[in-house]
1. How many residues does the range 67-102 hold that are crowded, with 16+ Cβ neighbours inside 10 Å, at pLDDT below 90 and among the hydroxyl-bearing types (Ser, Thr, Tyr)?
2. Only one residue in Gly56, Gly60 is modelled with pLDDT of 90 or more and not β-branched (Val, Ile, Thr), so which one is that?
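The values are calculated or read from the model by the stated rules, or taken from the named source; none is laboratory data. Bear in mind that the values here come from a model prediction, so they are computed numbers and not experimental data. Reconstructed Cβ throughout: ideal geometry from the backbone, glycine too, with neighbour counts over all protein chains shown.
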Amino acid sequence: MNKWVLPIALILLAVSLSSPELAHADSIKRANPGDITKLLKTACELNSAYSAALIGESRGRIYVEYVTAIHSGSLFSNDPKLVVYWLLRSEISEQQLMQLNTCKRMNG
């Protein structure tokens, strides 16, 4: 059984190094106060390099999608990187949530 461990590990390493999509997967992150500021600013801006949009609210949490074309894998692929940020509803004001909703309707 041990004689298969090294060949399988080498195959998995070769596949992960040769595929930028596997090496740079999308993620979900807990938003900190700096992220919230960035997401609010980005949500209403029209920019081809990045965008942010409110996904929705569930069980006391808010979810915001952040898409960027500028990331570590962008040298090897034209695929954007998508990160879903989440935060507690209590961490965002009613005005900030309204801003995210307004921008979502404006940007489609």
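1. So the count comes out to 2.
2. Values: Gly56 fails: modelled with pLDDT of 90 or more.
None of the others qualify; the one that does is Gly60.
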